[in-house]
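J.: Supplied in structure tokens, the structure appears directly below.
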Amino acid sequence: MIDKEKNIDVENKNIKKSCCNKGKKTKDIISTILVILVVLSFIIPGLNKNESIDYASDYYDAVNKEIIDANELEDDEMYWSYLFTEVQEKIDDNVDTIVKDVVSKKGTYEEESIEDKICTLYDSVLNVKEDVKKLDIYLNRIDSSNSISSLFSNVSKINDELSTKLLFSTGIENDFKDNEKTMLVVAPFVFDFGNIYSDYYTNPLYASYASMYVKYDREILKLYGYTEDEAKEVVRNISKFYAKVAEESKTMEELTDVEKMYHVVDRNELNKIYSNIDLNLFMDKYAGDYNTICLMDEKQAKAYNDLLVNENLDTLKEIAKIQLLQNLAPYLDTRYYDLMNEMNAELTGTEVTTDTVEDYATHVVSSYFDSEITQEYVKLHNKENEINEFKNIIMDIISEYKNKIKTNTWLSETTKNKALLKLDSMKVNVGYPEKWENYSKDYKLNDSLFDNMISMNKVITEFTEDSVRNKENYWLMSALSVNAYYNAQENSINFPIALLEYDIYGEETSYYQKLGSFGMIIAHEITHAFDDTGALFDENGNLNNWWQESDYEEFEKLQNEVIAYYDDY
């Protein structure tokens, strides 16, 4: 079996990050990485001027030839870099050692201890059989629905039982405008394979993605037992349904507009919009949990509701069934797992990976026991000196930001002072969380990977919802990920310990080399506090316009100049 990376186990684990963006907390990681990679290509060690190549005719090759010649892009990799692939591989190898060490002592642990649960989960991955019958009870329940009302009643129960988001997605989140309160979020419609982007069905630039989804939807249905003709007809109807919803949906770009996504309605308004279904099925469990209802895409919701009629009942049942198969069949039958990996390879233009089932088992364990694995990693790889030094570099860069704001020529003093306050209030997190997540103690595990996934995802969902209710903040990214992020609702910048495994952090490396290598990453995250989304949040992490109107108009004018420049590049 192949390491499916984020689309199976991590996708389900991410249920704990509810359905809303958390003030753009889930920045487009791929685009962020690509931006960083471009800049890193100029600062990573080993870049020497190549006298044999004409810089004017091929600058890229002149700068990077030695690195390209010395390193090979693996068939299953989308890109290569010193930091994002080499260092992550080093981290992953160390994690693999930790997990394998625990597993090697199986049978010596106290029953229900964390180590015992790790061994149980690991073995359940190794022992997946080609048997999808455990899903039949849920698929049959969907099939038995004889009306829109009964379908949504059945789906709401399945969503609760399996921690899925079939046909309708809600969750609680910190209120954007007052993060001391909670809000109920009605998320955008979910299309194929967890995708919320309507562009795949409306924009010709993404037609190849939609056609690929169609191809793999057919294969999934055929694997389950549909004939070729049945699969084609079902997927054709599903695609038509998706296209109708997509026509009235926000675009990718519009889904990044936090102010428009924060569309508040009351319970009566929402009931009128979703007049064809009983919203109590999805909302009553959150009674008392929210002060605000955020409907993220009202136009889409109205269009979707218009399609929730008995004429479309058969298609809606097939949508629920295929989404259930996409989400959970890979945990029951390795053929679905391999099929999903083939799709991911085709989507990314890579070859299917040759990782072993043991590699995948380690990946699942490290994802669902991330807190425990990270704590062990921290014990084995002490980085306290590096963490303190990294914090000093951050403070130096923040200080320079302040100087630039103070000397800015187009901001008013009122807006400058607010920007400086935001920098002064910014939380700086380096290394690993001060408070560790501890939900794994509640896992109930056995020898079935499917049962384990359901159990773990339920626990994570409940833990996350309780964290929102109790105003407890946890890292949104594993400390063992070579990456970084800005959290607008905390006004925090966060740098995992994994970054500090970069070789530039040797004792012989000067402050200036470290500043050169990591300064861009640090400044990049700080800048998110003042980008087109971050600028909308104040020093306390609330959606709150702190700009003088004329200053923000100038800010948007400068943004448009940058856009125009790159449009013409």
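J.: For the chain, what is the mean residue ellipticity at 222 nm derived from helices alone (per DSSP H run of n ≥ 4: -39500 (n - 2.57); sum divided by total residues; nearest 500 deg cm²/dmol)?
T.: That calculation yields -16500 deg cm²/dmol at 222 nm.
J.: Note down the Stokes-Einstein diffusion coefficient of region 421-560 in µm²/s, whole number, using a Kirkwood radius over alpha carbon pairs, 20 °C, and 1.002 mPa s.
T.: Result for D is 119 µm²/s.
J.: Still on this structure: Quick one: length gained pulling Lys240 to Glu462 fully straight, 0.36 nm per residue minus the C-alpha distance? If you can, show how the numbers build up before the last one.
T.: Details: separation 222, 0.36 × 222 = 79.92 nm, distance 3.54 nm.
Full extension from Lys240 to Glu462 adds 76.4 nm.
J.: OK, next. How large is the charge dipole for the chain, taken about the Cα centre, if only the Cβ atoms of Lys, Arg (+1) and Asp, Glu (-1) carry charge, to the nearest 20 debye? Display every interim value, and only then the final one.
T.: Values: 59 positive and 108 negative charges, 370 e Å.
Charge dipole, the chain, about its Cα centre: 1780 debye, nearest 20.
J.: Give me the 1.4 Å probe accessible area per residue for region 208-361, excluding ligands and nucleic acids, in Å². Walk me through the numbers on the way to the answer.
T.: Numbers: 6850 Å² over 154 residues.
Counting only protein heavy atoms, the per-residue value for region 208-361 is 44 Å².
J.: Two-decimal Rg/Rh of region 480-529 from alpha-carbon positions, Kirkwood Rh?
T.: Working: Rg = 11.9 Å, Rh = 11.7 Å.
Rounded to two decimals, Rg over Rh is 1.01.
J.: In Å, what is the Rg of the alpha-carbon atoms in region 42-177, and how long is Dmax?
T.: Rg then Dmax for region 42-177, in Å: 26.1, 75.
J.: Could you state the number of Å between the C-alpha centres of region 281-311 and region 391-457?
T.: After rounding, the separation between the Cα centres reads 31 Å.
J.: Just to verify a number: what accessible area does Arg469 come out at with the full protein assembly present, 1.4 Å probe, Å² rounded to tens?
T.: Surface accessible to solvent at Arg469 totals approximately 80 Å².
J.: Enumerate the aspartates and glutamates that Lys441 could reach by cross-link, defined here as Cα to Cα under 14 Å, with residues fewer than 8 away along the same chain left out.
T.: Excluding near neighbours in sequence, the set is Glu110, Glu111, Glu112, Glu115, Asp116, Asp370, Glu372, Glu462.
J.: Just how many % of Cα pairs in region 159-298 lie over 22 Å apart, if you round to the nearest whole percent?
T.: Working: 4735 of 9730 pairs.
Counting every Cα pair in region 159-298, those more than 22 Å apart make up 49 percent.
J.: With every protein chain kept in the model, how would you rank Met520, Met395, Met183 by accessible area, 1.4 Å probe, largest at the top?
T.: Met395, Met520, Met183
J.: Please compare each pair in Lys416/Lys557; Lys402/Lys422; Lys272/Lys471 to a cut-off of 22 Å on the Cα-Cα distance and tell me which ones are over it. Before the final figure, lay out each step's value.
T.: Details: Lys416/Lys557 18 Å; Lys402/Lys422 10 Å; Lys272/Lys471 32 Å.
Beyond 22 Å between Cα atoms: Lys272/Lys471.
J.: Mind checking the per residue accessible area of region 140-205 for me, 1.4 Å probe, whole number of Å²? The partial results should precede the final answer.
T.: Values: 2300 Å² over 66 residues.
Ligands and nucleic acids excluded, the result is 35 Å² per residue.
J.: In square angstrom, what is the accessible area per residue of region 519-569 with a 1.4 angstrom probe? Write down the numbers at each step before the final one.
T.: Numbers: 2760 Å² over 51 residues.
Here the residues of region 519-569 average 54 Å² of exposed surface.
J.: Same structure again: Starting from the 7 Å offset along Cα-to-Cβ, what nm value, one decimal, do you get for the label separation of Asp160 and Asp278?
T.: 1.1
J.: Given +1 on the Cβ of Lys and Arg, -1 on the Cβ of Asp and Glu, and no further charges, what dipole in debye does region 416-552 carry about its Cα centre, rounded to the nearest 20?
T.: Working: 11 positive and 22 negative charges, 45 e Å.
Here the size comes out at about 220 debye.
J.: Then there is this: Determine the share of the chain's accessible area contributed by carbon and sulfur atoms, expressed in whole percent, with a 1.4 angstrom probe.
T.: 46
J.: Next up: For the chain, what D do you get in µm² per second when you plug the Kirkwood radius from alpha-carbon pairs into Stokes-Einstein at 4 °C and 1.567 mPa s? Present the calculation step by step, with values, prior to reporting the outcome.
T.: On the way: Rh = 25.7 Å.
Once the numbers are plugged in, D ends up at 50 µm²/s.
J.: Which of the residue pairs Lys391/Lys435; Lys285/Lys317; Lys181/Lys250; Lys181/Lys317 have a Cα-Cα distance greater than 28 Å in the structure shown? Mind showing how you got there, number by number?
T.: On the way: Lys391/Lys435 18 Å; Lys285/Lys317 24 Å; Lys181/Lys250 26 Å; Lys181/Lys317 36 Å.
In this structure, Lys181/Lys317 lie more than 28 Å apart at Cα.
J.: 5 Å is the cut-off here: which amide hydrogens, built 1.01 Å from N in the peptide plane, fall below it relative to His263, excluding neighbours closer than 5 in sequence?
T.: Leu295
The values are calculated or read from the model by the stated rules, or taken from the named source; none is laboratory data. All values derive from a computational prediction rather than experimental measurement. In this analysis, Cβ positions are derived from the backbone assuming ideal geometry, glycine residues included, and neighbour counts consider all displayed protein chains. Just so you know, the surface numbers come from the protein's heavy atoms only, side chains and all, with ligands and any DNA or RNA stripped out. Shrake-Rupley method; radii C 1.70, N 1.55, O 1.52, S 1.80 Å.
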